[in-house]
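Trainee: One structure coming up, written as structure tokens, with questions to follow.
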Amino acid sequence: MGKAESFEQVLKESRVFKPSKEFSALAHVKSLAQYKKMYNESIKSPDKFWAKIAKELHWFKPWKKVSDWKEPFAKWFVGGQTNICYNCVDRHLPTWRRNKAAIVWEGEPGDSRVLTYNDLHREVCIFANTLKKLGLKKGDRVAVYMGMVPELAIAILACARIGVVHSVVFGGFSANALVERIHDCQAKAVITCDGGWRRGKIVELKAAVDEAVVKCPTIENVVVVQRTRNNVRMEPGRDHWYHELAASVDANCPAEPLDSEQGHFILYTSGSTGKPKGIYHTVGGYMVGTYLTSKLVFDLKDEDIYFCTADIGWVTGHSYIVYGPMANGATCVMYEGAPNHPEPDRFWRIIEKYRVTILYTAPTAIRAFIKWGEQWPQKHDLSSLRLLGSVGEPINPEAWIWYNNVIGKKKCPIVDTWWQTETGSIMISPLPGATPTKPGSATLPLPGILPECVNKETNKKMPPGEKGLLVVRKPWPSMLRGIWGDNERYKKVYWSTVKHSYFTGDGAHCDKDGYFWITGRVDDVIIVSGHNLGTAEVESALVSHPKVAESAVIGVPDEMTGQAVTAFVTLKDGNQPIESLKDELRAHVAKEIGALAKPKQIRFTASLPKTRSGKIMRRLLRDIASGKETVGDTTTLEDYSILAKLRTDDE
Ligand code: WTA
């Protein structure tokens, strides 16, 4: 076998899992043929396709034109007026869903709340009226820095109701990160909590806001939702308890008809430079995209109890806890805290308690579960589950199989969903009743989406099995409308790498069935002796070793080979980080991929530095591996202490 071929070996999964007849029979999309028909029509006549979907939702005024494309700027449902909050809430009120649970919330300490769609409507109206009372108007920006409490969902829906653009900043970010984001979008107000619960401790959100806001002259008001009842300082005239404001406003607030292209939210995501990019989404297209994908990918039915474990501070929480599922009238479980509090079985407890039917989580969580051991899920009745989802990074085939066997008990289809903050909604994913799955592949594009793996130089589609850049060839409704305040950066980052195409920043290849295999960010490619190695591939090989829980692979400069592979490895409980295991792992990687993928250096570590969204901070690992001081913004570190540890774990 040639070297180029052997690279693909690990990700070249031969296992295929077909949806069961029982699942397909009841699914929204019942067969591969039905999917293909829908897909082909959507690509042939996109405007017709999207108009049909959009008409399932409420519009105050119909659009004049479905799409308007002046590369790289898109408009969708031009001239139409709608309101995403109306579609997520009010639309369900004249139906039996009025008294259906919209949010089933579980606090970390074990408290819980259930809000019906009727309750949600009342709460959102009151919240919207408090924002109005503070003088906020259509087009104003508001920063939202909260824990995972129902008021977070309520707050963003309230903004959407009156056309205020929300910018949610993840509650795990530091005060400095908050300052940077507030400055960039010139937010007028901050909505926060006194604190949030995380692993039994209070995260002092209000204290961080106090520290931030003194540096933010644009902030006029701070609204504080009471959650943890810790002592907080309230600045007179600037800070307001939400419950006090709420007591004095009306519970009636009609949803404002908004232009389809009115701003909806800004969400910051890290780029290749230190400065985060304010990804900007608008109302109509985002609404249609999240609505359709929630329905098709999660096969949402009214009976479902849907649990997405993401934080609303990330795009997954925006699109698949709040907007998409609620536009479908779904019951959404929302959990406040850590997955291992008080014990590593918290998710399984929640699933058993609420009889969750759909679980949407991330590979990084799955690998943690593997590490913690099967005894935790085995303690619980998970028989209510019917569908599993994964998002955020490529899922290693071994983790996929574990998810399938241990959590899904081999009866739940797995949807590995590829998308980005920028794409707004899922782009490549199986449809659970239609698409045969292959562990590690996000499979096929969703209707209306035209991704391709291309050669950067020729802009031609790569032949099956050969890696290229992942691009999207046609605009789609929920695509970003730009980077807030920086059209040049928008053009440069997304529209200059491959002509007339949206560049995702990811590498991928397609197999002979047209299935997409995402190999990770192209900036995560390591070139060893002139050969490209995807970090995801080497990691996948390492994780397929029975003793390995998780790994992060980086390239370090090497005199002989240009770059060399360094692997940081965490072991499953009960395994010793002994020298001979390094040799065993090297041999394993050589066997799985080829000798040149063998890590030159392997470092065992108790855990890996990650952002709160679970992404491994490779830049930090690179600095550690090359012995450099760590520089730059480390505020997203999951656990600062890991850094110091990694340095001293040196052999
Ligand atoms: C990666 C998260 C492989 C990818 C929704 C993408 C994935 C980036 C997958 C976006 C997946 C996300 N398989 N890779 N199923 N899902 N990614 O903006 O590199 O936080 O470009 O959006 O995550 O991350 P973001």
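The values are calculated or read from the model by the stated rules, or taken from the named source; none is laboratory data. Bear in mind that the values here come from a model prediction, so they are computed numbers and not experimental data. Backbone-built Cβ (ideal geometry, glycine too); neighbour counts: all protein chains shown. Each accessible area value is taken on the protein alone, full model and side chains, heavy atoms only, with ligands, DNA and RNA left out. Shrake-Rupley method; radii C 1.70, N 1.55, O 1.52, S 1.80 Å.
Trainee: If you check Asn221 against the conditions, is it of a type outside the set (Gly, Ala, Ser) and touching a Ser or Thr at 6+ places or on another chain (Cβ under 7 Å)? Before the answer, list the steps.
Mentor: Numbers: of a type outside the set (Gly, Ala, Ser): yes; touching a Ser or Thr at 6+ places or on another chain (Cβ under 7 Å): no.
When the stated conditions are applied, Asn221 does not pass them.
Trainee: It is to be established whether one or more residues within segment 499-514 are away from the ligand (no atom under 12 Å from the Cβ), of a type in the set (S, T, N, Q) and in contact with a helix residue (DSSP H, G or I) (Cβ under 9 Å, 6 or more places away or on another chain).
Mentor: Yes - at least one qualifying residue is present in segment 499-514.
Trainee: On the basis of being within 22 Å of His341 (Cβ to Cβ) and touching a Gly at 6+ places or on another chain (Cβ under 8 Å), does Thr417 make the cut?
Mentor: When the stated conditions are applied, Thr417 does not pass them.
Trainee: Here's something else I'd like to know. Under 7 Å between Cβ atoms, at least 6 apart or on separate chains: pull out the pairs that start in segment 595-614 with a residue that is outside the structural domain of Pro339 (by TED's automatic domain parsing) and end on any residue that is open to solvent by 40 Å² or more (accessible area, probe 1.4 Å) and within 16 Å of the ligand (Cβ to nearest atom).
Mentor: Pro609/Glu638; Lys610/Glu638; Thr611/Glu638; Arg612/Glu638; Ser613/Trp314; Ser613/Gly392; Gly614/Gly392
Trainee: What number of residues within segment 578-617 satisfy the criterion of being part of a helix (DSSP H, G or I) and modelled with pLDDT of 80 or more?
Mentor: 13
Trainee: Which condition breaks for Lys132 when tested against (1) in a loop (DSSP other than H, G, I, E, B); (2) within 23 Å of Val165 (Cβ to Cβ)?
Mentor: (1)
Trainee: Also: Among the residues in segment 346-362, are any within 14 Å of the ligand (Cβ to nearest atom) and either free of Cβ contacts under 8 Å to residues at least 60 places away in the same chain or open to solvent by 10 Å² or more (accessible area, probe 1.4 Å) (or both)?
Mentor: Yes; the residues of segment 346-362 include at least one that is within 14 Å of the ligand (Cβ to nearest atom) and either free of Cβ contacts under 8 Å to residues at least 60 places away in the same chain or open to solvent by 10 Å² or more (accessible area, probe 1.4 Å) (or both).
Trainee: To continue, here is another question. Report the residue count in segment 179-199 for those that are at pLDDT 95 or above and either touching a Lys or Arg at 6+ places or on another chain (Cβ under 9 Å) or surrounded by fewer than 23 Cβ atoms within 10 Å (Cβ to Cβ) (or both).
Mentor: 14
Trainee: I've got another one for you. How many of the residues in segment 596-613 are closer than 18 Å to Ala338 by Cα and surrounded by fewer than 20 Cβ atoms within 10 Å (Cβ to Cβ)?
Mentor: So the answer is 4.
Trainee: Restricting to segment 466-482, name every residue that is open to solvent by less than 10 Å² (accessible area, probe 1.4 Å), within 14 Å of the ligand (Cβ to nearest atom) and touching a residue at least 40 places away in the same chain (Cβ under 8 Å).
Mentor: Leu470, Val472, Ser478, Met479, Leu480
Trainee: For segment 416-436, how many residues are touching a Ser or Thr at 6+ places or on another chain (Cβ under 6 Å) and more than 12 Å from the ligand (Cβ to nearest atom)?
Mentor: To start, the set of residues in segment 416-436 that are touching a Ser or Thr at 6+ places or on another chain (Cβ under 6 Å) comprises 416-417, 421, 424-426, 429-430, 433-435.
Next, only the ones that are more than 12 Å from the ligand (Cβ to nearest atom) stay: 433-435.
The qualifying residues number 3.
Trainee: Name the residues in segment 245-277 that are modelled with pLDDT of 95 or more and within 21 Å of Cys185 (Cα to Cα), would you?
Mentor: Those that are modelled with pLDDT of 95 or more and within 21 Å of Cys185 (Cα to Cα): Leu258, Asp259, Ser260, Glu261, Gln262, Gly263, His264, Phe265, Ile266, Leu267.
Trainee: Further, regarding this structure: Checking the conditions here, which among Val288, Val333 is open to solvent by less than 10 Å² (accessible area, probe 1.4 Å) and part of a helix (DSSP H, G or I)?
Mentor: The unique qualifying residue is Val288.
Trainee: Criterion first (surrounded by fewer than 22 Cβ atoms within 10 Å (Cβ to Cβ) and on the phi > 0 side of the Ramachandran plot) does Lys456 satisfy it?
Mentor: no
Trainee: Using the structure shown, decide if Glu303 is more than 23 Å from Trp418 (Cα to Cα), in contact (Cβ under 8 Å) with a residue 12 or more places away in the chain, touching a helix residue (DSSP H, G or I) at 6+ places or on another chain (Cβ under 7 Å) and not in a helix (DSSP H, G or I).
Mentor: For Glu303, the condition - more than 23 Å from Trp418 (Cα to Cα), in contact (Cβ under 8 Å) with a residue 12 or more places away in the chain, touching a helix residue (DSSP H, G or I) at 6+ places or on another chain (Cβ under 7 Å) and not in a helix (DSSP H, G or I) - is not met.
Trainee: Here's something else I'd like to know. Considering Ala310, Ala247, which residue is hydrophobic (A, V, I, L, M, F, W, C), over 17 Å from Gly139 (Cα atoms) and open to solvent by 50 Å² or more (accessible area, probe 1.4 Å)? First the steps, then the outcome.
Mentor: Values: Ala310 fails: open to solvent by 50 Å² or more (accessible area, probe 1.4 Å).
From the options Ala310, Ala247, the qualifying one is Ala247.
Trainee: Condition test on Met234, is it open to solvent by less than 40 Å² (accessible area, probe 1.4 Å) and among the aliphatic types (A, V, I, L, M)?
Mentor: For Met234, the condition - open to solvent by less than 40 Å² (accessible area, probe 1.4 Å) and among the aliphatic types (A, V, I, L, M) - is not met.
Trainee: Given the criteria among the polar types (S, T, N, Q), at pLDDT below 95 and either open to solvent by 40 Å² or more (accessible area, probe 1.4 Å) or closer than 27 Å to Glu256 by Cα (or both), does Asn176 qualify? Step through it out loud before you land on a result.
Mentor: Details: among the polar types (S, T, N, Q): yes; at pLDDT below 95: yes; either open to solvent by 40 Å² or more (accessible area, probe 1.4 Å) or closer than 27 Å to Glu256 by Cα (or both): yes.
Answer is yes for this residue.
Trainee: In segment 366-410, how many are open to solvent by 10 Å² or more (accessible area, probe 1.4 Å) and within 13 Å of the ligand (Cβ to nearest atom)?
Mentor: Matching residues across segment 366-410 total 5.
Trainee: Check Pro436, Pro432 and return the single one that is touching a strand residue (DSSP E or B) at 6+ places or on another chain (Cβ under 8 Å) and either basic (Lys, Arg) or surrounded by 24 or more Cβ atoms within 10 Å (Cβ to Cβ) (or both). Break it down stepwise before answering.
Mentor: Working: Pro436 fails: either basic (Lys, Arg) or surrounded by 24 or more Cβ atoms within 10 Å (Cβ to Cβ) (or both).
Selected residue: Pro432, the only one of Pro436, Pro432 that is touching a strand residue (DSSP E or B) at 6+ places or on another chain (Cβ under 8 Å) and either basic (Lys, Arg) or surrounded by 24 or more Cβ atoms within 10 Å (Cβ to Cβ) (or both).
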